[in-house]
Amino acid sequence: MAGGIRHFLQFADFDRSELEWVFDRSRIIKDRFKRYEFYQPLADRTLAMVFEKASTRTRVSFEAGMYQMGGSVIHITTGDSQLGRAEPIEDTARVISRMVDIVMIRTYEQAKLERFADHSRVPVMNGLTNEYHPCQILADIFTFIEHRGSIAGRTVAWIGDANNMAYTWLQAAHKLGFQLNISTPPGYVLDTARCTIGPHLRVFADPIEAARDAHLVTTDVWTSMGYEAENEIRMKAFADWQVDAEMMQAAQHDAIFMHCLPAHRGEEVSADVIDGNQSAVWDEAENRLHVQKALMEYLLLGKNVS
Ligand code: CP
Ligand code: NVA
């Protein structure tokens, strides 16, 4: 890997060839894991995970992944650390990064993650911010590749909120050359200051039109973490943006459905879709483990791997 410390703060931090490397390594690492092959290239390395929001998948996948690769993990939260007592994020970064080899952070503003990275001596990974969720999109695209081959030239339909997942999909569409169709309710549209409508992004008022002929249909909760006060009003505004059987019918006949989870059946997705035979959500969740092992391997060892 060329020069300096690399971070993974947003999907656009990696170029296309690096992303392809991570996907290729994910395949190798997953296959070895399934064969119970010993592979511990991160022996003696330590991961610190900092959570300012709740998590199931992100915590378990990073923690299990680091142990499986031979390393150790330290888990801290706002409530049980000095972060909750207003120690500056810059000082926290300076201290933690003198003690561990790599850091994952789940927090609110992307700017806070960037301030941490600016003061870190070691690689920092985004475990979700209000703006982006790049580790999730690594898993989603790896899952698409496993099920359907290359995502380049395909169409992904995003139905629902213009949230951290939507903006990360948009970065991925630009990097990897696929088309993203987005439909959000009025009042919850994409911020045009953060994106350009162009060949990789098409915006639809009608969610069924966004889903039409898509190879992948995906959605997420209507109320993301940090926006709970808006929940009641969002339930009404998003009512017509549920991914249901009719919407899947508009997509390609072999389209797959994804959701980063946790899901709310009967809200953003109907039970028959998420539990149906087009759903890839359990593979998608499992793949968090494999892609993040490949990500940590790349950030710590570059291409110097076996
Ligand atoms: N998808 C995801 O990031 O899940 P958690 O919030 O459980 O980590
Ligand atoms: N958009 C959701 C994703 C949860 C994994 C949130 O930020 O809460």
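The values are calculated or read from the model by the stated rules, or taken from the named source; none is laboratory data. The structure presented is a predicted model; accordingly, all values stated were derived computationally and were not measured. Using ideal geometry, Cβ is built from the backbone for each residue, glycine included, and neighbour counts are taken over all protein chains shown. Note: areas computed on protein heavy atoms with side chains; ligands, DNA, RNA excluded. Shrake-Rupley method; radii C 1.70, N 1.55, O 1.52, S 1.80 Å.
Around Met165, under 9 Å between beta carbons, what's the net of Lys plus Arg minus Asp minus Glu among the other residues? Walk me through the intermediate numbers first.
Working: positive: none; negative: Asp140, Asp161, Asp220.
Neighbourhood net charge equals -3.
Percent of alpha carbon pairs in segment 227-306 separated by more than 18 Å? Beyond 18 Å sits 57 percent of the P(r) for segment 227-306. Applied to segment 64-78, the Karplus parametrisation 6.51 cos²θ - 1.76 cosθ + 1.60 on θ = phi - 60° returns per-residue 3J(HN,Hα) values of 4, x, 5, 5, 4, 8, x, x, 10, 9, 10, 10, 10, 10, 4 Hz, with x for Gly and Pro. Once the dipole of segment 149-306 is set up with Lys and Arg at +1 and Asp and Glu at -1 on Cβ about the Cα centre, which of Val281, Pro186, Ser150 lies farthest towards its positive end? Of the options given, the answer is Ser150.
For every other residue with a beta carbon closer than 10 angstrom to the beta carbon of Asp220, add +1 if it is Lys or Arg and -1 if Asp or Glu, then tell me the sum.
Values: positive: none; negative: Asp161, Glu268.
Spelling it out: positives minus negatives among the neighbours equals -2.
For segment 176-193, the Karplus equation 6.51 cos²θ - 1.76 cosθ + 1.60, evaluated at θ = phi - 60°, returns couplings of 10, x, 10, 9, 10, 9, 10, 10, 10, x, x, x, 10, 7, 4, 7, 5, 5 Hz by residue, with Gly and Pro reported as x. Counting only protein heavy atoms and using a 1.4 Å probe, what share of the accessible area of segment 85-168 belongs to carbon plus sulfur, as a whole percent? Roughly 46 percent, rounded to a whole number. A Gaussian network model of the chain, with springs between Cα atoms under 10 Å, assigns the largest mean-square fluctuation among Asp213, Asp15, Asp283 to Asp15.
Please state the charge dipole magnitude for segment 164-221, taken about the Cα centre, from unit charges on C-beta atoms (+1 on K and R, -1 on D and E), reported in debye and rounded to the nearest 20.
Working: 4 positive and 5 negative charges, 40 e Å.
Here segment 164-221 has a charge dipole of around 200 debye.
Note on the chain: with a GNM built from Cα contacts shorter than 10 Å, the maximum mean-square fluctuation among Phe51, Phe23, Phe38 falls on Phe38. Charge tally around Thr129: other residues with Cβ under 14 Å, Lys/Arg +1 each, Asp/Glu -1 each, net 0. In this Cβ point-charge picture (+1 for Lys and Arg, -1 for Asp and Glu), the chain has a dipole of about 1040 debye about its Cα centre. Backbone amide hydrogens, once placed in the peptide plane, bring Arg202 within less than 5 Å of Leu180, Asn181, Ile182, excluding anything fewer than 5 places away on its chain.
Please report, to two decimal places, log10 I(q)/I(0) for segment 153-306 at q = 0.11, 0.14, 0.15, 0.17 Å⁻¹ as given by the Debye formula with identical point scatterers on the Cα atoms and no solvent. Those come out to -0.45, -0.71, -0.80, -1.00, one per q.
The helix-only estimate of mean residue ellipticity at 222 nm for the chain, built from DSSP H runs of length n ≥ 4 each weighted as -39500 (n - 2.57), is -12000 deg cm²/dmol after division by the residue total. Using a Gaussian network for the chain with springs between C-alpha atoms less than 10 Å apart, which of these wobbles most: Thr46, Thr155, Thr143? Sorting by GNM fluctuation, first place goes to Thr46.
Quick check on segment 195-249: take the gyration tensor over C-alpha atoms, sort the square-rooted eigenvalues as a ≥ b ≥ c, and tell me if it's rounded (a/c under 1.5), prolate or oblate. Note, shape of segment 195-249 comes out oblate.
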